[in-house]
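Just so it is clear, none of the values below were taken in a lab; they were calculated from the coordinates. Worth saying up front: this structure is predicted, and the values here are computed from it rather than measured. All Cβ positions, glycine included, derive from the backbone under ideal geometry; neighbour counts span all protein chains shown.
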Amino acid sequence: TENIWAAAFDIVRSLREAGYEAVIVGGAVRDRIMGLTADDVDVATSALPEQVKNVFTKTADVGIAHGTVLVIHPLAPVEVTTFRTEGTYSDHRRPDSVKYVTSLKEDLRRRDFTMNAIALREDGSLYDPFGGREDIRSGIIRAVGDPDGRFGEDALRMIRAVRFAAKTGFRIESATMGAIGRHAESIRKVSVERIKMELDKVWKSGRAGLAMELFHQTGLAARLPLMDSSRSASDLPVWRKFGEPDESVEGWALLSLLAGSPEGNPYKLSNAEKRTVRQIREAFDIRISRPYDEMDLYRLPAHALKTGWKFAWLTGKTGLPEPEEIDRRKAQLPVRSMRELDVTGNELIAWTGEKGGPWVKKWLGKIEEAVVMGRIPNQSDDIKGWFINGFNSER
Ligand code: ATP
Ligand code: MG
């Protein structure tokens, strides 16, 4: 984060030396005022994208259509965006047009909340025409300008308001809150990809319970997939206990669990996320009926086992999870995969004198389970004795 700030300040300096206006903007400024670390620092400038590219030796066109050039600074890459306003979002996905403007104030005016509409100059001073610093001091999330107009332009901002409330613990100012209530229905028009990106951050915020309560109060929950309002109300205590997960996928797993794990994937999770959600569900189902056995520990990833147990606890079905127990017992397993078994399919064929066939795979599976469960040592001789015995008694 040190490097990112140094790179951003250096880029601001270079742009200013080239005769342009340039400042640091957005979430990084907010986080800095709040004493939090930022993982990306954005620069805004009066220079047009082509002019930005001429100032720096290494750049990449990442979002040139909306005025953004990535400057590859030796310390860190930084996004540099030309001062701009946005047209409306008639498809609720992307602005119909972006218009470059010369005034920083115009650029800040298009931003969603006062806390996100503060600029930081090269000398460390702030340009804060909408009172963002005061709102941060008072712990308030407030739309820039007329909230009804702003949510009418882009309904995603309603979810962002809740997301920032979850991140900061601030309250949403009453006129802003009222406007969310009035515009809640239009969240249906917003693409699920954009919603997912915001919800990923809600799950990671450490205040998912607060967010759920706000989704509920504003009427957003009733319009969002898997968040049906009556259910959310009864599940609120679970979300409050959810805390700060290691990975956002835990939030998707809990949402789907509480919604009764429906088929389908309304939030377009990635394949990796879908798999993890399935594994957590499987671990949960096991853990609510009994402690994990060695075969569970062998088959399922540690993260899924820990999370499944955590969910069993969240829903009052077990005591506190003990993640160290999972790690310890996993480390003690005699094998970690089929490859570590002291036997091969060819050996089974040789020992029996039978022709290969589906039986080989079946028996490797049985041996695997017997070894994992500690019924036989992972030693060729022991495996052979156990196998021959079982194989013969089956015919
Ligand atoms: P985080 O630190 O969680 O990334 P952020 O404030 O940086 O929060 P981003 O989504 O990265 O949030 O957006 C960067 C900035 O762009 C915001 O601070 C805000 O000024 C502006 N912005 C982003 N999305 C919108 C939007 N939908 N409407 C208006 N302004 C927006
Ligand atoms: Mg950001």
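So the values come out like this:
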item: Arg231 versus Lys105: modelled label distance in nm, points set 7 Å from Cα along the beta carbon direction; result: 4.9
item: Signed unit charges on C-beta, dipole axis of the chain, positive-most listed residue Val62, Trp351, Leu224; result: Leu224
item: 5 angstrom amide H check on Thr59, placed H, neighbours 5+ away; result: Ile72
item: Over 18 Å [Cα-Cα, the stretch 250-333], rounded percent; result: 38
item: Estimated FRET transfer efficiency when R0 is 22 angstrom, pair Asn54-Glu17 (beta carbons, to 0.05); result: 0.95
item: Shape category assigned to the stretch 65-210 from the gyration tensor of Cα positions, a/c cut at 1.5; result: rounded
item: The chain, helix-only ellipticity at 222 nm - DSSP H runs n ≥ 4, -39,500 (n - 2.57), divided by all residues, nearest 500; result: -15500 deg cm²/dmol
item: At R0 = 56 Å, FRET efficiency that the Cβ-Cβ distance of Thr85 and Ser337 yields, to 0.05; result: 0.50
item: Most mobile listed residue (Arg329, Arg121, Arg157) in the chain, GNM with C-alpha springs under 10 Å; result: Arg329
item: Top of Met338, Met227, Met34 by mean-square fluctuation, Gaussian network on the chain, Cα under 10 Å; result: Met338
item: Fluctuation leader among Gly145, Gly353, Gly27 - the chain, Gaussian network, Cα springs under 10 angstrom; result: Gly353
item: Lysines whose Cα lies under 28 Å from that of Lys330, excluding same-chain neighbours fewer than 8 positions away; result: Lys204, Lys241, Lys274, Lys306, Lys310, Lys317, Lys361, Lys362, Lys366, Lys384
item: Cα-Cα P(r), the chain, percent of pairs per 20 Å interval; result: 23, 42, 25, 10, 0
item: The stretch 340-393: radius of gyration and largest Cα-Cα distance (Dmax), Å; result: 10.1, 29
item: Counting DSSP beta bridges with both ends in the chain, the antiparallel % (nearest 5); result: 80
item: Length gained when the stretch Gln379-Leu126 is fully extended (0.36 nm per residue, less Cα-Cα span); result: 84.1 nm
item: Between the stretch 243-282 and the stretch 340-395, the alpha-carbon center distance in angstrom; result: 37
item: Two-site label geometry, Asp96 and Asp246: point separation in nm, points 7 Å out along Cα→Cβ; result: 4.8
item: Potential extension, Arg137-Asp40 segment - 0.36 nm per residue separation minus Cα distance; result: 32.7 nm
item: Cα radius of gyration and Dmax for the stretch 139-244 (Å); result: 12.6, 36
item: Computed E for Ser186/Thr344 - FRET, C-beta separation, R0 51 angstrom, nearest 0.05; result: 0.25
item: Inter-label distance for Lys274 and Ala65, nm, one decimal - labels placed 7 Å from Cα along Cα-to-Cβ; result: 2.6
